[in-house]
Every structure is written in C-alpha cells, then in structure tokens.
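Input: a single structure, listed below in structure tokens.
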Amino acid sequence: MSDPELADLDVIILDYGAGNLRSVVRAVERVGAKPEVASVAAAMDEADVVILPGVGAAADTMHNLRELRLIEPIREYIAADRPFLGVCMGLQALMTVSEEGGEHPCLDVLEGRVVRLPEGRKIPHMGWNRVDQRRRTPLFDGIPDGSHFYFVHSYFCDMAQPEDVVAVADYGTDVTAVVERGKLAATQFHPEKSGAYGLRIYRNFLLEHSGNGVSR
Amino acid sequence: MLTKRIIACFDVDAGRVVKGISFVELRDAGDPVELAALYDHEGIDELVFLDITASHEDRNTVVDMVRHTADRVFIPFTVGGGLRSDDDMRLMLESGADKITINTAAVERPELISEGAHRFGSQCIVVAIDARTEADGSMQVYTHGGRRPTGMDAVAWAQEVVERGAGEIMLTSMNTDGHQDGYDLSLTRAVSDAVSVPVIASGGAGNAQHMIDAITDGNADAVLAASIFHFGTHPIMDVKRQMQAAGIPIRMEHADYDDVL
C-alpha cells in the first residue's frame, strides 16, 4: 500500500557518489514517493525532504560533499529545521569529527565524535541487530520495539547529547542506531536493506513531513 | 544483540537458477528474481547469487537480474562469479548489489581486493575461499570452482585477504560441499578465530542442527545453504525456530511488505 500524498512530496536524494544510492531510491519509490536524485545545492531550495545516503569512508564522503559545494547548504538546510534524513554514512557525516582514517572534520550538525567500535567482536558490525527504542517517536509507527535492522559499519557515533539518541543497538557498547532532533532524523542501519520495517521508516519519515510544506 | 545470519545461495547460469529448485507455487521457479522475492518474504536474512557461467556475453543478463532484484528485494544481496576488475565490481554495485564476491580472481591477483576495498569500501568486498582439509590435516585453498589446488594455507590466506581489505569471508569446504552432512567445523573455526571480520560457513548444510553446529562449534557469524532451502524440505522459518530454540540469536520477524506499508 502506498500513500497518495507521498507522490506529491518533493523528495531530494543527494548524490555525491555514494554506492548505495540506487537502493535508497528504490526504497523511497516503493513507499510511494517520487524522489529526485540531485548533486547540486539548488535542488534543496524547494525540497520538502532531503535524504543523505551513504556507505564507505568518512574522508571520501566529506571530500565529495566539499567538491560539490554541499557542505554549507546542508548545514543551512538543517539549521532552518527542514526535514532531513541521514542514512549510515549520512548519519556519521553529521557529527563534529570522525576518527575513521585520521581526524576528519564533518558537518558538525550533531555534536560528538565518530569512533571505532570496541574491540572483542567481529568488525565490521555486519548483519541484523535488535534495535531498542528509547523513545516512541512517529518514526517508529507500526514498528515493534526490538525489531531487527541491517547494520554494516566499523565506526559509530558517540553523541555528546545523548537525549538525541532515540534508539540503540548492542554491540559491545550501546551503538547509536537512530538520532532525532527537530525535523532531523538519521539511522546508523540501512532501512533500505532492512525489509518491511526498514521501508516503514522511510514511509513514516515522509508521512510525518508531508503536508508540512516548506517554511519560506 | 546481533543475530546470526541465514543466507541462501543461488547458482545462476545465463540468468536462470540451476541446481534443484522445486517450488511448485512459483510460476517460474528458475527466475532468480522471483525466488529472491519469495525467500525474502519467507524470512531469509541475506542472499547470494553466483553466476556460474560468467562468460562475457552473460554480463548483461546478470546486470538485469541484479537490477530487477534490487527493485523488489529490500534485504542485502551479494553477487559473484567471474568478476575480475574493479570496473566489474562497480557495475554490479551500481546495478544494486550490496556486496560483490571474488574467489579465483583474488588468488590470481590479490591487489584486486585492496583496489575494490579502496574504491567501494571493505563492507562490500566478500572474498570467497574454497578450501579442502587434506589427508595430512592441512587446509589448502583451491580455485576454479574447487578444481585447482593453490598450495596456500586457508588460514594464512584468510588473514591476508582481511589485511588487504576484505570485509567478510565466505568459506566453503570442498570436503563437505554437496553432501548435506554438516559443515566442516574445524576449518570454519580455524578461519573464523583467525580473522577480525565475519565468516560465512558454506558447504554441507543438511538441516538446522548443522547450522547450529557451524555457529556454536565453528564460530561462524553466518551460515549459507542452497539445496535444503531450494528443495523446500526445510522451510526457512522452521530452521530459524530450531536455531532460536538452541539459544542462537535469530531475526524472527519476516513481515510482509504490503502489510507493513
């Protein structure tokens, strides 16, 4: 079932060369939206929702965002409290700094560091992990607490403001799984690879911000 | 808690699934995309497609299959068979595969692993290792579908591929493959304990107990099977229930897309 109101939503998926772009596009389409893939900042002007996907390394991501002159526009978009969804590297890129492969300054929208997962377990943290919801938010509508989502990462977000963490997964430490602050949400796992409940995350986020229009 | 993954593998020849698929409910039981969607619906955690023809002319067929799978299946899937360059890898990843797997090509030119890992990230580079426990107890790596011995030790090679950037190892025992008599537990344990990345046990699954053993005794992070799922004798959720009853963390939800959306 797809929601007709989502078809009219202006959803921008930022393309900065991330490998999983197609999966994210297909997931957003599957829930009934018609996303547009864009790599220019101007595309965000009229957007109802902006999605930042991503896999790979923080340094490459920041390099590509810089080359495309997207860093300031993304920061301004989020500062204006407009709907923004980050996925995996799209979450980590929002942090102050990433320790992956050296010290790499990131977008500094969310305060905290991206640090290596603790030793003692297989790295990358790869597979379906149980996600414990600390707060019920509209993002989890129809998703039972403790449902599993698909993770692939070696670094995680050590949040300076833990109240923004709305869900965690246990992997030797409480791994930040979902962050929400205002109209910003971001997941460490890949909703586009997490079956029906994963798609439900996209649907919930888009529905929550449909009809809101853009504050301009 | 991170669950142990149950992975189904399809051998694909010229765009058709081969090797014992007997699903009566499917209109086209040889269509990899139909099968992938069915397995997703039935609760599989991950899928692997191995293109066993892997001829050059076949490449477009595989790309089509990957695209159509990505359109319908929202769980991770890996594609392998005949990938020899980072451009081959890129084609599969851009078409929608989450990971690629290389085997013989990695042995022949180990730099391929690092090139792929550097360009696309370690998380999508799965190195497949075919190994045989020899009469003297040594564990030797084979290539070319298990036909050609390399003289390399399986554990040493596993450590090397991880050093070069592999994010995961798919380990198949040539001794047990095809016999449905259980995985090679000592091989699996030796490799899994020697590397920092997840190891998928493959070759020999005949029932749920074999998978339980591969995880508890073999220290595998994931188990791969083909025939026992394809013949329909072991429904995926039955296997998962038995594994869960044995104390293994398993993802039990397999929600229907239409119900949830």
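The values are calculated or read from the model by the stated rules, or taken from the named source; none is laboratory data. Just so it is clear, the model here is predicted, and its values are computed rather than measured. Neighbour counts run over all protein chains shown; Cβ positions are idealised from the backbone, glycine included.
Quick one: is B:V162 under 18 Å from the mean Cα position of the chain (by Cα) and either surrounded by fewer than 24 Cβ atoms within 10 Å (Cβ to Cβ) or of a type in the set (F, W, Y) (or both)?
Working: under 18 Å from the mean Cα position of the chain (by Cα): yes; either surrounded by fewer than 24 Cβ atoms within 10 Å (Cβ to Cβ) or of a type in the set (F, W, Y) (or both): yes.
Yes; evaluated as a whole, the condition is true for this residue.
Are any residues in region A:1-18 crowded, with 16+ Cβ neighbours inside 10 Å and either over 25 Å from B:T78 (Cα atoms) or among the polar types (S, T, N, Q) (or both), and if so, which ones? Before the answer, list the steps.
Our first condition is that a residue be crowded, with 16+ Cβ neighbours inside 10 Å; within region A:1-18, this holds for A:6, A:9-16, A:18.
Across region A:1-18, the qualifying residues are A:L6, A:L9, A:D10, A:V11, A:I12.
Of all residues in region A:73-89, how many are closer than 16 Å to A:A42 by Cβ, in contact (Cβ under 8 Å) with a residue 24 or more places away in the chain and among the charged types (D, E, K, R)? Spell out how you get there, then give the answer.
Narrowing region A:73-89 to residues closer than 16 Å to A:A42 by Cβ: A:73-77, A:80, A:82.
The next check asks that each one be in contact (Cβ under 8 Å) with a residue 24 or more places away in the chain; those that pass are A:73-75, A:77, A:80, A:82.
Then drop every residue that is not among the charged types (D, E, K, R), which leaves A:75, A:82.
Total satisfying the criteria: 2.
If you take the residues in region A:180-201 that are part of a strand (DSSP E or B) and surrounded by fewer than 24 Cβ atoms within 10 Å (Cβ to Cβ), which one is farthest from the other protein chains (Cβ to nearest Cβ)? Even if it seems obvious, please write down each step before you answer.
Step one: filter region A:180-201 for residues part of a strand (DSSP E or B), giving A:180-181, A:184-187.
Filter again for surrounded by fewer than 24 Cβ atoms within 10 Å (Cβ to Cβ), leaving A:180-181, A:184.
Working: A:E180: 21, A:R181: 26, A:L184: 23 Å.
Out of the qualifying residues, it is A:R181.
Out of the residues in region A:19-57 that are of a type in the set (V, I, T) and over 17 Å from A:F205 (Cβ atoms), state the one that is surrounded by the most Cβ atoms within 10 Å (Cβ to Cβ). Step through it out loud before you land on a result.
Going residue by residue through region A:19-57, those that are of a type in the set (V, I, T) are A:24-25, A:28, A:31, A:37, A:40, A:49-51, A:55.
So of that shortlist, the ones also over 17 Å from A:F205 (Cβ atoms) come out as A:37, A:40, A:55.
Details: A:V37: 16, A:V40: 14, A:V55: 24.
Filtering region A:19-57 for residues that are of a type in the set (V, I, T) and over 17 Å from A:F205 (Cβ atoms), the one surrounded by the most Cβ atoms within 10 Å (Cβ to Cβ) comes out as A:V55.
When you look at B:V126, is it within 20 Å of B:R90 (Cα to Cα), at pLDDT 95 or above and among the hydrophobic types (A, V, I, L, M, F, W, C), yes or no? It would help to see each step written out before you state the result.
On the way: within 20 Å of B:R90 (Cα to Cα): yes; at pLDDT 95 or above: yes; among the hydrophobic types (A, V, I, L, M, F, W, C): yes.
Against the criterion (within 20 Å of B:R90 (Cα to Cα), at pLDDT 95 or above and among the hydrophobic types (A, V, I, L, M, F, W, C)), B:V126 qualifies.
Only one of A:R136, A:R121, A:R130 is more than 10 Å from chain B (Cβ to nearest Cβ) and of a type in the set (D, E, K, R). Can you tell me which? Walk me through how you get there before you give the answer.
Numbers: A:R121 fails: more than 10 Å from chain B (Cβ to nearest Cβ); A:R130 fails: more than 10 Å from chain B (Cβ to nearest Cβ).
The conditions single out A:R136.
Surrounded by 17 or more Cβ atoms within 10 Å (Cβ to Cβ), modelled with pLDDT under 95 and of a type in the set (V, I, T): which single residue out of B:T78, B:T53 fits that description? Talk me through it step by step, then tell me what you get.
Numbers: B:T78 fails: modelled with pLDDT under 95.
After applying the criteria, what remains is B:T53.
Name the pairs: first residue in region A:5-33 and under 22 Å from B:G121 (Cβ atoms) and facing another protein chain (nearest Cβ under 8 Å), second residue surrounded by fewer than 21 Cβ atoms within 10 Å (Cβ to Cβ) and of a type in the set (D, E, K, R), Cβ to Cβ under 8 Å, at least 6 apart or on different chains?
Final answer for the pair search is A:G19/B:E94; A:R22/B:E94; A:R26/B:D71.
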